[in-house]
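Worksheet: one structure, shown below.
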Amino acid sequence: MRRDIAAACRRASRDPSAVTLVAITKTFAAELIEPVIAAGQRTFGENRVQEAKAKWPRLKQRDPDLELHLVGPLQSNKAKEAVALFDCIHTVDRPSLCAALAKEIAQQGRRPRLMVQVNTGAEPQKAGVLPEAVDDFVRRCRSDYGLAIEGLMCIPPLAAPPAPHFGLLAKIAARNGLALLSMGMSADFALAIEFGATHVRVGTAIFGARNKQG
Ligand SMILES: *Cc1c(COP(=O)(O)O)cnc(C)c1O
């Protein structure tokens, strides 16, 4: 996997150290994650707070340098647990969540890095801020809630070619001065790297197919 990322970086004339592999472990038990930690992987991602809470405190205690990222939707009433457990949250997408996160960050003194999820395909069933609303939303995160947004994340529509979505996300990030771009999964991480991804979220290509719905 790391070799594939390095090759994609070479093709895109990018430094491989500028691309973080977030190994997505949703549905996989700790026993399956441990060998990947032993092999040196340090950054992991989950899409549900409850599942992450069941698996990760023990793993993080054993390896305090592990980083855990939340890549799935976050309900405001789970902000407390999320701020306590995650080192980076990719899915900030509405003012009520900003308020809940700001409160917990102040209370716990923990500062997970934050990204805004963008619904680049404007899909009605998908979470995320609409592309035309991102500039204003990022501004409000800072001004109304004191949240430092560092990047943007997207999940392109399943059936569509992802390139235009990666390009759009990169463009919105650039005009907002945001350094981090979370885009690209097992099927399209190399393409995402060409478009400037700093975080690729890869599950299946590392752990094999999931049998539960993730
Ligand atoms: C599951 C998931 C991934 C990983 O997808 P794969 O196709 O298994 O690599 C990436 N991002 C998010 C938000 C996910 O939920």
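The values are calculated or read from the model by the stated rules, or taken from the named source; none is laboratory data. Everything quoted here is computed from the prediction, not taken from an experiment. Backbone-built Cβ (ideal geometry, glycine too); neighbour counts: all protein chains shown. Surface accessibility is based on the protein's heavy atoms, side chains included, excluding ligands, DNA and RNA. Shrake-Rupley method; radii C 1.70, N 1.55, O 1.52, S 1.80 Å.
Every test in (1) away from the ligand (no atom under 12 Å from the Cβ); (2) under 23 Å from L130 (Cα atoms); (3) crowded, with 16+ Cβ neighbours inside 10 Å is passed by A190 save one, and that test is (2). Annotation: of all residues in region 107-155 being in a loop (DSSP other than H, G, I, E, B) and more than 18 Å from T91 (Cβ to Cβ), the one that is most open to solvent (accessible area, probe 1.4 Å) is G109. When region 167-187 is filtered for residues that are within 16 Å of the ligand (Cβ to nearest atom) and more than 19 Å from I149 (Cβ to Cβ), the ones remaining, listed by number, are G184, M185, S186, A187.
Tally time: how many residues in region 64-75 are open to solvent by 40 Å² or more (accessible area, probe 1.4 Å) and either within 16 Å of the ligand (Cβ to nearest atom) or in contact with a helix residue (DSSP H, G or I) (Cβ under 9 Å, 6 or more places away or on another chain) (or both)?
First, the residues of region 64-75 that are open to solvent by 40 Å² or more (accessible area, probe 1.4 Å): 64-65, 67, 73, 75.
In the following step, the residues that additionally are either within 16 Å of the ligand (Cβ to nearest atom) or in contact with a helix residue (DSSP H, G or I) (Cβ under 9 Å, 6 or more places away or on another chain) (or both) were identified as 67, 73, 75.
Total meeting the criteria: 3.
If you go through region 156-214 one residue at a time, how many are closer than 22 Å to A127 by Cα, of a type in the set (A, V, I, L, M) and not in a loop (DSSP other than H, G, I, E, B)? Here the count works out to 12.
Against the list (1) closer than 30 Å to R139 by Cα; (2) open to solvent by 40 Å² or more (accessible area, probe 1.4 Å); (3) not β-branched (V, I, T), the condition E34 fails is (1).
Taking the condition without any contact (Cβ under 8 Å) to a residue 24 or more places away in the chain and in contact with a helix residue (DSSP H, G or I) (Cβ under 8 Å, 6 or more places away or on another chain), does A102 pass? Considered against the rule, which asks whether it is without any contact (Cβ under 8 Å) to a residue 24 or more places away in the chain and in contact with a helix residue (DSSP H, G or I) (Cβ under 8 Å, 6 or more places away or on another chain), A102 comes out as no.
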